[in-house]
Amino acid sequence: MRALIEELCGVFGPSGQEERIREVISGQLDGLVDEMRTDRLGNLIGVKRPTVSSEGGKRIMLAAHMDEIGVMVTHVDAQGFCRFTTIGGVLMNSLIGSRVHFANGVEGAFGMEGSPLARERPTPQKLFLDVGADSKEDAQVQVGDTAVFRSSFGEVGDRLFAANLDDRIGCAVLIQTLRELESSPHEILAVFTVQEEVGVRGATTAGYGLEPEIILAIDVTATGDFPQATPMEVALGKGAAIKVMDRRMIAHPKVRGWLEDTAQAFDIPYQLEVLEFGSTDAAAVQVSRAGVPAGTVSIPCRYVHSPSQVADYNDALGAVRLLVNALSGEYPS
Ligand code: CO
Ligand code: ZN
């Protein structure tokens, strides 16, 4: 799975432009699911039918989002400098010094009006993108073009560094779960969603269309394990996190209990997550139609939404073990 995480992190896919990452993931799903399709909004749906029939078998939607945060060009000036707006929760403080990548291969560096050595806090109004052009005519990007954050994929021991572990590491966990799941009483709807970062839009329509009985999102979560961090129990390397609550979703006690009981039964280390900001695809599906019991398996990740996100590979492996064992058995009655 390690190579898979690196591969997925290298593929362009800002919200609304998930074609390339969908192509790569659908190649990975080939042979792992009984049926595969792309819905009208662009969500990639893989269906794995139950291999054993059982009373405890459910229609379970697993969602990992394919899209990533980025920027969109709003204006190109006469000298070829671009003004931009953000796609998703981009952190202004992280822009100076980071690099973006356009679909056509053009690179972009952020600059700020005023003295290059100024220490003032960057504001969206004062920032611009340098795309290597000398004039508007010369610029190889135009209004509406989007770019993603890129830094080279890095590894130190089991720690992984990339700009978009959110949520490519979750996509890899979902693919790996399908690889390892040999038998299951459940109908598994593996959904690689679009436009999560701009408000869980893909999951909203996929959840409505698929009518699952249970929704589990697979996404990254923040941690409280760095200097002076806002207190939070989750730490890198201590296992996958089972979500209790985030800003928009309270996990269904039975779903959460199912995951906790599975972790305990199979000696899988886990942590309980209460996230005071942000949410996941599960929030959208939970309130679709007449309501869907929801839970989330999270991969702890430091510096989420910055261009250098850090996660621990063992936590991703743990998330796979948790999902495979839970899905192999029955849902508690
Ligand atoms: Co995110
Ligand atoms: Zn995410």
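By the helix-only formula, in which each DSSP H run with n ≥ 4 contributes -39500 (n - 2.57) and the sum is divided by residues, the chain has a 222 nm mean residue ellipticity of -7500 deg cm²/dmol.
Counting only aspartates and glutamates at least 8 places from residue 136 when in the same chain, those with an alpha carbon closer than 17 Å to its own are 77, 107, 145.
Scanning residues 5 or more positions from residue 217 or on other chains, those with amide H under 5 Å from its amide H are 63, 282, 295, 296, 297, with H placed 1.01 Å from N in the peptide plane.
Against the main long axis of the alpha-carbon atoms of the chain, helix 313-328 sits at an angle near 40°.
Just order 252-263, 95-106, 48-59, 160-171 by mean Cβ neighbour count inside 10 Å, highest at the front, would you? If you can, show how the numbers build up before the last one.
On the way: 252-263: 18.4, 95-106: 15.7, 48-59: 13.5, 160-171: 27.0.
So the order, starting with the most tightly packed, is 160-171, 252-263, 95-106, 48-59.
Shown for region 73-215: the carbon plus sulfur share of the solvent-accessible area, taken with all protein chains present and a 1.4 angstrom probe, equals 48%.
What percentage of all Cα-Cα pairs in region 70-149 are separated by more than 22 Å? Mind dumping the intermediate values first?
Values: 524 of 3160 pairs.
It works out to 17 percent of all Cα pairs.
Derived scalar couplings between HN and Hα for region 179-193 equal 5, 8, 7, 8, 9, 7, x, 9, 8, 9, 10, 8, 10, 9, 8 Hz in order, rounded to whole Hz, by the Karplus curve 6.51 cos²θ - 1.76 cosθ + 1.60 (θ = phi - 60°), x for Gly and Pro.
Share of antiparallel DSSP beta bridges in the chain, in percent to the nearest 5? Walk me through the numbers before you get to the answer.
On the way: 42 of 66 bridges.
So the antiparallel bridges in the chain amount to around 65 percent.
Would you mind calculating the relative contact order of the chain from Cα pairs under 8 angstrom and at least 6 residues apart, reporting the percent as a whole number? Averaging sequence separation for qualifying contacts and normalising by length gives 23 percent for the chain.
Please sort 22-35, 318-331 by packing, taking for each peptide the average over its residues of neighbouring beta carbons within 10 angstrom, highest first. Mind dumping the intermediate values first?
Details: 22-35: 14.9, 318-331: 21.9.
Packing order, densest peptide first, comes out as 318-331, 22-35.
Computed over region 70-149, relative contact order equals 44 percent, with contacts defined as Cα pairs under 8 Å that lie 6+ residues apart. Within the straight-line cut-off of under 26 Å between alpha carbons, the lysines reachable from residue 48 are 58, 243, 254, sequence neighbours fewer than 8 places apart in one chain being disregarded. Volume per residue for region 176-333 equals 114 cubic angstrom (convex hull of Cα atoms). Its Cα gyration tensor gives region 128-213 an equivalent ellipsoid. The semi-axes, each the square root of 5 times an eigenvalue, are 36, 22, 9 Å from largest down. Rounded to two decimals, the Cα-based Rg/Rh of the chain, with Kirkwood Rh, is 0.99.
The values are calculated or read from the model by the stated rules, or taken from the named source; none is laboratory data. Remember, it's a predicted structure, so these values are computed and weren't measured experimentally. Positions of Cβ are generated from backbone atoms using ideal geometry, with glycine treated the same way; all protein chains shown enter the neighbour counts. With ligands, DNA and RNA removed, areas are computed over all heavy atoms of the protein, side chains included. Shrake-Rupley method; radii C 1.70, N 1.55, O 1.52, S 1.80 Å.
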